[in-house]
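Shown next, in structure tokens, is the structure this report addresses.
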Amino acid sequence: GGTREPIDAVRVLANRSSGKQGYAIAAEAAARGAQVTLVSTVDLSVPAGVTVARVDTAAEMQAALEHLAPASDVVVMAAAVADFRPKAPATHKLKKHDGVPEIVLEPTPDILAGLGAGKRPGQVLVGFAAETDDLAANATSKLVNKRVDMIVANDVGAPATGFGYDTNAVTIFLADGDPVAVPLSDKRAIAAAVLDQIVARRARLGNN
Ligand code: CTP
């Protein structure tokens, strides 16, 4: 899901990600026999056999991932991590009578790029990209810049895809192959297509 970055003691900067695609990937991986930890900001029903680590902010998500990723064969980053967070969140509730606040933002860490930089041989890293324009060019540059094995790109402007829907349509951009288009399907079927590509990539890297 989306991270939630505090503005003050009661307000957050959030986004429209529902977490459904990440939960579907966790469910599909567990159903295939993987040992799965789901690092999540949302409270959907936990798939059978999946362990959940609950986080709110990009910083908490990064800490959880830095703890879990070194021992993981596969890391899938389906989360909508905020790119910016309030630089100095107020510890109290901002009051209306104090006037309109000026909220200064600062960048969050790029969790996936950090995992890409520290990737160990044989490990498979998967990123997502939600785009409204220039899908292929943006996804391909994320593939290279974040040093990941594949980017699952979806056009959030298209009908019935992306945030909040139970369906999605994606193109999986691979570091070592042609893009794979997955037509409009429920998010569990998208998860299965992504897992198929992960299994194939692991086999090409000499794992099974
Ligand atoms: N991501 C991340 N940490 C961030 C931002 C993004 O780990 N601070 C991950 C997402 O989980 C996703 C991938 O990077 O797997 C791409 O996220 P996206 O928001 O599409 O890319 P950005 O690099 O943030 O670029 P932009 O928002 O400008 O498109």
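The values are calculated or read from the model by the stated rules, or taken from the named source; none is laboratory data. Keep in mind that this is a model prediction, so the values were computed, not measured. Positions of Cβ are backbone-derived with ideal geometry, glycine not excepted, and every protein chain shown enters the neighbour counts. When the accessible area is computed, the model is the full protein with side chains, heavy atoms only, and any ligands, DNA or RNA have been set aside. Shrake-Rupley method; radii C 1.70, N 1.55, O 1.52, S 1.80 Å.
Put +1 on the Cβ of every Lys and Arg and -1 on every Asp and Glu Cβ in region 157-208; which of A203, I172, A193 then has its Cα farthest towards the positive end of the dipole?
About the Cα centre, the residue reaching furthest to the positive side is A203.
For the Cα atoms of the chain, what angle does the longest principal axis make with the long axis of helix 58-68, in degrees from 0 to 90, nearest 10?
40 degrees
Collect residues whose amide H, placed 1.01 Å from N in the peptide plane, falls under 5 Å from the amide H of V74; neighbours closer than 5 in sequence don't count.
V124
Taking H placed 1.01 Å from N in the peptide plane, check which residues at least 5 places from D8 or on another chain put their amide H under 5 Å from its amide H.
Long-range HN contacts for D8: A90.
Nearest 10 degrees, 0 to 90: what angle lies between the long axis of helix 135-145 and the longest principal axis of the chain (Cα atoms)?
90 degrees
Helix-only mean residue ellipticity at 222 nm, the chain, DSSP H runs n ≥ 4 weighted -39,500 (n - 2.57), per residue, nearest 500. What is it?
Computed ellipticity for the chain at 222 nm equals -9000 deg cm²/dmol.
Averaged per residue, what accessible area in Å² does region 1-84 show with a 1.4 Å probe, protein chains only? Please report the intermediate quantities before stating the final value.
Values: 4140 Å² over 84 residues.
Ligands and nucleic acids excluded, the result is 49 Å² per residue.
If I ignore ligands, DNA and RNA and count only protein heavy atoms, how much of R188 is accessible to a 1.4 Å probe, in Å² to the nearest 10?
Rounded to the nearest 10, the figure is 100 Å².
As a test of reading the structure, rank L115, L184 by solvent-accessible area (1.4 Å probe, protein chains only), most first.
On the way: L115 20, L184 100 Å².
Ranked from most to least accessible, the order is L184, L115.
Rounded to the nearest 20 Debye, what is the dipole magnitude of the chain about its Cα centre when Lys and Arg each give +1 and Asp and Glu each give -1 at the C-beta?
400 debye
Rank these residues by their accessible area, most exposed first, probe 1.4 Å: S45, S40, S72. Mind dumping the intermediate values first?
Values: S45 105, S40 5, S72 35 Å².
Descending accessible area places them as S45, S72, S40.
Which aspartates and glutamates, if any, have their Cα less than 17 Å from the Cα of K96, not counting same-chain residues under 8 positions apart?
Once the sequence-local aspartates and glutamates are set aside, what remains near K96 is D8.
Which lysines have a Cα lying under 23 Å from the Cα of K119, excluding residues fewer than 8 positions away in the same chain?
K142, K146
Roughly what % antiparallel, to the nearest 5, for the DSSP beta bridges in the chain?
50 percent
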